[in-house]
Amino acid sequence: MASYELLRERLDRERPDLDLDLLDRTFAFAEKAHRGQKRYSGEPYIEHPIAVANILLDLNPDVVSLQAALLHDVTEDTEYKLPAVKKEFGPEVARLVSGLEKLSIVKVPGATKKHETWNKLFLSMAEDIRIVFIKLSDRLHNLRTLQYVPQEKQARIAEESLMIHAAIASRLGIYQFKSEIEDLCFRYLDPQKYEELSKEFERYKKKAQPVISQAKKELQKLLQESQIPFEKIEGRFKHLYSIYQKMQKKEAEALANIYDLFALRIILPDETPHLYSVLGLLHGHYLPLQDRFKDYIAVPKPNGYRSLHTTVLGLGGEDNEQPMEIQIRTLAMHQEAELGVASHHLYKAGERLTQKEAKMRREAERILSTIHEFLNQYPDKKVDLLEWTERYQQMSLERRKEIENWLLEWGMPQEDLISLRRARSRGPLQFQGQLDQQRAWLKGLAGSSLAQMDLDLYPNQIFVLTPHRDVLELPKGATPLDFAYNIHSELGHHAVFAKVNGRIVPLEYELQNGDIVEIGSRSNAVPRRYWLSFVKTNSAKSKIKNWLNRQERERFIKIGRDLLNTQLNAIGKPPLDERLSLLKDYGAENRDLSAREELLETIGNGALSPVLVVKSLFPEEETRVEEKAKKVPSGVPNEMMSPRSDEVLITGEENLPVQLSSCCRPRPPEPIIGFVTRGHAIRIHRQSCSELSGLDGIRFVSAHWKGSNNTSKSSS
Ligand code: MN
């Protein structure tokens with residue numbers, strides 16, 4: 001396959017440090033899996049993963065990332081599934097491939113305004129930053145070939161890419177990807193404007209080119225004369241979409257009014273970075289524009305960008321009246337600006353090994369993975385082995401032999417051992433790299449080995465989707481009920497079941513990143529007190545509490561009204577009217593309706609005696625009230641008047657911790673039933689209590705009043 005050969009040549013040239021045979025095998029696997037499939041363009045499908053690997057190569061990937069790039073569409077689109085990939089290439093490759101597959105459910109609805117939340121969903125589902133790098137490469141190639149995709153899909157894909165992929169590339173500082181993705185999206189989202197602007201820009205570039213070359217020459221001469229070493233001077237045009245954005249913000253009506261359509265970059269060596277001397281030199285020779293100097297080295301941009309920026313007049317030949325922006329940075333800063341986190345996350349950018357070094361490193365890696373297997377089998381040997389790699393040369397011969405014997409016994413090939421021994425005895429000079437690597441690696445085993453690549457950007461949040469693919473941000477540990485209350489209080493109050501990714505789950509289920517959540521509700525369902533024990537968000541908690549308190553209040557008001565009416569009736573007075581007018585002046589206060597209800601609530605909850613209230617309302621009736629009061633039947637929700645909990649037998653046993661439920665206030669000889677609460681107390685309800693229908697049947701136990709024969713049946 002010609003294009004794989006091209007990729008392979010580039011790998012030979014740029015990355016001899018990688019295990020290229022392994023990549024060949026991975027390619028063969030992917031090629032076989034995709035055989036017969038075609039892209040929209042009519043090309044064989046395998047061209048796509050090859051192109052993705054090629055794009056990814058700009059980000060200095062490790063070999064596992066490149067393998068995953070080659071395999072990224074295999075599990076979704078072919079008969080080869082994840083277990084096959086894992087069996088063939090190991091768990092790490094499989095993990096990346098499955099992460100990429102999972103990410104494909106992120107499809108942003110066209111009209112959403114929650115870009116930032118979608119970005120977070122994307123990043124938090126990725127788990128490993130390498131997955132993001134591969135996904136961005138994948139998307140970039142899909143955009144490069146978007147003209148072949150059916151037209152009705154183009155705009156949606158472009159919109160999504162602009163919102164998600166370009167924004168993420170920007171956030172991670174991968175400017176090179178961001179600008180290309182944005183320009184490609186722009187082309188499909190506003191073809192007319194794109195066409196217009198790009199034509200105008202081309203004309204501008206043609207005109208500007210000689211000025212730029214002239215300016216470069218002048219700068220080169222200036223630096224050489226001042227004996228300042230530099231890597232290179234390059235000119236870079238702004239990308240089209242950023243110009244478009246500038247014009248949209250009305251910062252400029254026309255292209256010609258934008259100052260910084262291109263910038264010159266002076267890139268200095270990392271070892272001798274004369275950043276500020278170069279700046280001084282420029283300002284001494286050309287006229288700097290005021291307010292255009294920016295020191296992003298003293299104060300880097302939030303995404304980590306570092307450079308000195310200045311704009312000067314008088315550069316680029318005598319005829320040039322345009323100001324020119326110059327950026328001064330070191331090579332490392334430059335690589336960071338282009339590749340962002342990718343520049344320091346994987347192999348160090350710029351680290352290019354010779355063939356021989358690369359071979360040595362591969363050898364060391366192979367031996368290390370053999371030792372890794374050994375340690376998996378005998379984890380207790382870790383300490384010894386660590387000592388061995390660190391102190392080999394000072395170690396006693398006996399101890400050394402002992403450790404080597406384990407390794408041989410376990411099955412480590414003799415030649416690996418010899419080459420390790422050689423590495424030890426040669427010491428730091430030739431093998432410093434491997435030694436450091438081995439030490440770091442072994443130490444890593446003691447901690448969390450492969451965790452360095454983790455992308456834990458949002459350790460306390462998860463992101464889940466509604467059935468309409470709207471995205472919600474919740475705290476880690478949130479449940480479907482939190483989700484329901486987050487959408488609407490009413491949905492929470494009436495929730496009866498939850499579905500996650502199409503499967504019914506308990507309301508206590510812990511939601512995971514990327515779950516698609518659906519809530520089933522019933523209009524007559526109501527919140528349960530035990531929900532408070534597992535909801536995670538404060539807003540759900542307070543909504544449930546408020547609802548329960550409101551219910552309670554209404555019940556107490558009703559009880560208070562009944563109690564007061566009983567007293568009124570006893571002395572031959574009419575019951576309370578709708579407006580509770582009788583209570584208007586109670587306690588010499590001018591009470592509004594809510595204050596009157598409050599009074600009833602205090603009576604209802606037992607804090608205030610209805611007898612006292614009636615006495616104070618009708619002082620002349622005092623004696624009659626008191627007489628009648630003695631005959632008031634039980635029903636006052638005062639603890640003193642309630643049946644005592646030690647009057648209850650649970651499955652025939654006494655003295656178990658029981659509470660009489662406040663919802664139905666059971667009293668003898670009403671048939672009752674027990675319910676084991678989450679606090680492992682037993683709550684007693686009337687068997688007729690309406691709350692029972694909402695409770696978990698498995699938690700019911702039989703209960704009856706002491707001294708009665710009225711035993712209830714367990715319903716479980
Ligand atoms: Mn793909």
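Read the figures in this text as sums done on the coordinates, not as results from a lab. Remember, it's a predicted structure, so these values are computed and weren't measured experimentally. With ideal geometry, Cβ positions are generated from the backbone for all residues, glycine too; neighbour counts draw on all protein chains shown.
Averaging the sequence gap over all C-alpha pairs within less than 8 Å and six or more residues apart, then dividing by the number of residues, gives segment 490-581 a relative contact order of 22 percent. In this structure the amide hydrogen of Q461, modeled in the peptide plane, comes within under 5 Å of the amide hydrogens of K476, none closer than 5 places in sequence on its chain. Taking 0.36 nm per residue of separation and subtracting the current Cα-Cα distance, fully stretching the chain between K499 and R550 would add 15.4 nm.
Put a plus charge on the Cβ of each Lys and Arg, a minus charge on the Cβ of each Asp and Glu, and nothing anywhere else: the dipole of segment 220-299 about its Cα centre is then about 340 debye.
Legend: calculated FRET efficiency, E234 to T117, from the Cβ-Cβ distance at R0 = 45 Å, rounded to 0.05, equals 0.75.
Each label was represented as a point 7 Å from its Cα along the Cα-to-Cβ direction; for N538 and E196 these points are 5.0 nm apart.
Which order, highest average first, do 605-612, 131-138, 94-101 follow once you tally other Cβ atoms within 10 Å for each residue and take the mean per peptide?
Result, highest mean first: 131-138, 94-101, 605-612.
Going through the cross-link list K246/K301; K216/K249; K153/K249, which pairs have a Cα-Cα distance over 23 Å in this structure? Beyond 23 Å between Cα atoms: K216/K249; K153/K249. Given +1 at the Cβ of Lys and Arg, -1 at the Cβ of Asp and Glu and no other charges, the dipole of segment 55-129 around its Cα centre is 400 debye to the nearest 20. How many angstrom lie between the Cα centre of segment 25-43 and the Cα centre of segment 49-76? If you average the Cα positions of each part, the centres end up 14 Å apart.
Would you kindly state how much longer the chain becomes between R399 and E88 on full extension, computed as 0.36 nm times their sequence separation minus their alpha carbon distance, in nm to one decimal?
Extending this stretch completely gives an extra 108.2 nm.
Comparing Y194, Q176, A208 along the charge dipole axis of segment 163-245, the residue lying farthest to the positive side is A208, per the Cβ-charge model. FRET efficiency for the D319 to Q248 pair, using the beta carbon distance and R₀ = 35 Å, is estimated at 0.65.
Using the crude model of +1 on Lys and Arg Cβ and -1 on Asp and Glu Cβ, and no other charge, please compute the dipole size for segment 72-171 relative to its Cα centre, in debye to 20.
Taking the Cα centre of segment 72-171 as origin, the dipole is about 320 debye.
With 0.36 nm allotted per residue and the present C-alpha distance subtracted, the K584-C663 stretch has 25.5 nm of extension available.
The HN-Hα couplings worked out from phi for segment 120-131 by the Karplus form 6.51 cos²θ - 1.76 cosθ + 1.60 (θ = phi - 60°) are 5, 4, 4, 5, 7, 6, 6, 6, 10, 4, 5, 5 Hz, whole numbers, x standing for Gly and Pro.
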